[in-house]
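**Student:** Handing you this structure, nothing more for now.
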Amino acid sequence: MTFEDQLKVMVYFHLKDFQSGCHLLQDLQEDDFAKEFIAPNGGIGKSTFFDSLNERGLEQFLHVFQNLFKQASNQIPKEFSDLGDLVAIDGSLIDSVLSMAWADYRKGSKKAKVHFGFNINCSIPQKVFLTDGNGAERPFVQKIVEPGQTGIMDRGYQSHELFDQWQKNDVHFVCRIKGNTQKTCIKELSFEAGGKIFYDAIVRLGQPGINETKKDLRLVGYKIGSKKYWVATDRLDLTADQIALIYKLRWNVESFFAWWKRHMRVYHLISRSKHGLMVQILSGLIAYLLLAIYCDNEFGEKVNIKRVRELQIKIANEIRQLDQEPPDLDPAEEISTATLLQANL
């Protein structure tokens, strides 16, 4: 079983509705399309599959993911370019089982956590890290956001010390903070009265002499309905309304999580090792990036379930058509959509 075999098998797992690893293996052994185009020559045994999942391929999967991200980000038209290079950051818990000793969370419960960077401009995943369920989220900001990019974060990432450090390292940020955070106004900034913005100023956050930021930053306050939002940022080149819009765009990573988990079964565990789970997550991201490239190439659209279903139906139709062709035709030349992997890897 080569790495290419492993890659095709894992992407295939995410593109179809399998209930378990054993369900996937049965399909590879009994489904005509899977046997011919997905499974390794000579088939694949249970021990070979699970040994490969838990012990091999992690560096290669990461390499493929990184290169597909570069391809997709260079190809897909960028939205919100006037706001800069935006990356939403968030963590997501994965329900685990008690035998996963490495996935610490709390007594009687095991969970793993993925730390994501989601490229808002292209609507694609950019970086991913895996820890146990108690893994701190803040240290991953500088691993996810590259210099010059703007990280978009919720209140859980608020850290006055890190706000100073990010500014020092040219890591831009738009981070919601707690409403009761103490602030010292250095300079009020002008904004249009009567809109949703009610505060815009250069401030220092925290209690002086205790946890106050050493560097000045900008604080924008705005109101949606009866709810107030306080957003800290180092971006002085944008209007307060644009800062509010950037924070609103953070919701895109939540939408991605929901779609990805629902339609690609990435959190349906088929491995209990940290290595195997990371392979499963990376292969799910690779499948998503392949779909993003496909949807952009064919329709000029973002990934959506309608196009995924159309692709699955088209592959099935082509397979039925292939079964009716004279035997001297080369199947590899006849199936176009079924070679989605080979067209983009």
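The values are calculated or read from the model by the stated rules, or taken from the named source; none is laboratory data. Since the structure is predicted, the reported quantities are computational estimates derived from the model, not experimental observations. Positions of Cβ are backbone-derived with ideal geometry, glycine not excepted, and every protein chain shown enters the neighbour counts.
Let's see how each residue does on (1) assigned by TED's automatic domain parsing to the domain that holds SER92; (2) of a type in the set (Ser, Thr, Tyr); (3) at pLDDT 95 or above:
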| position | (1), (2), (3) |
| --- | --- |
| CYS175 | yes, no, yes |
| THR184 | yes, yes, yes |
| SER190 | yes, yes, no |
| GLY195 | yes, no, no |
| TYR199 | yes, yes, yes |
| LEU219 | yes, no, yes |
| LYS228 | yes, no, yes |
| LEU238 | yes, no, yes |
| LEU245 | yes, no, yes |
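**Student:** Follow-up. Anything in the stretch 71-114 that is surrounded by 13 or more Cβ atoms within 10 Å (Cβ to Cβ), part of a strand (DSSP E or B) and among the basic types (Lys, Arg)? List them, or say none.
**Tutor:** Correct list: LYS110, LYS111, LYS113.
Every residue, every condition in (1) part of a strand (DSSP E or B); (2) more than 23 Å from ARG262 (Cα to Cα); (3) at pLDDT 95 or above; (4) not assigned by TED's automatic domain parsing to the domain that holds THR239, yes or no:
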residue	(1), (2), (3), (4)
PRO40	no, yes, no, yes
ILE44	no, yes, no, yes
PHE50	no, yes, no, yes
LEU53	no, no, no, yes
PRO125	yes, no, yes, no
VAL128	yes, no, yes, no
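**Student:** Still on this model: Do we have CYS185 as closer than 23 Å to SER92 by Cα and in a strand (DSSP E or B) here?
**Tutor:** Values: closer than 23 Å to SER92 by Cα: no; in a strand (DSSP E or B): yes.
When the stated conditions are applied, CYS185 does not pass them.
**Student:** How many residues does the stretch 262-301 contain that are more than 14 Å from ALA112 (Cα to Cα), at pLDDT below 90 and either in a loop (DSSP other than H, G, I, E, B) or in contact with a Gly (Cβ under 8 Å, 6 or more places away or on another chain) (or both)?
**Tutor:** The number of residues fulfilling the criteria is 2.
**Student:** Next up: Residues of the stretch 88-114 being aromatic (Phe, Trp, Tyr) and within 19 Å of VAL128 (Cα to Cα), which ones? Walk me through it before giving the result.
**Tutor:** Going through the stretch 88-114, the residues aromatic (Phe, Trp, Tyr) turn out to be 102, 105.
Passing the criteria: only TRP102.
**Student:** So how many residues does the stretch 143-155 have that are in a helix (DSSP H, G or I) and under 19 Å from LEU245 (Cα atoms)? Break it down into steps so the answer makes sense when it comes.
**Tutor:** As a first pass, look at the stretch 143-155 and keep what is in a helix (DSSP H, G or I): 143-144, 155.
Now restrict to residues that are under 19 Å from LEU245 (Cα atoms): 155.
Number satisfying all stated conditions: 1.
**Student:** A further question follows. I need the full set of residues from the stretch 25-55 which are touching a residue at least 40 places away in the same chain (Cβ under 8 Å), surrounded by 13 or more Cβ atoms within 10 Å (Cβ to Cβ) and closer than 19 Å to GLN312 by Cα, in order please. Step through it out loud before you land on a result.
**Tutor:** Taking the stretch 25-55 as the starting set, the residues that turn out to be touching a residue at least 40 places away in the same chain (Cβ under 8 Å) are 32-33, 36-37, 44, 48-50, 52-55.
The next check asks that each one be surrounded by 13 or more Cβ atoms within 10 Å (Cβ to Cβ); those that pass are 33, 36-37, 44, 48-50, 52-54.
Correct list: PHE33, GLU36, PHE37.
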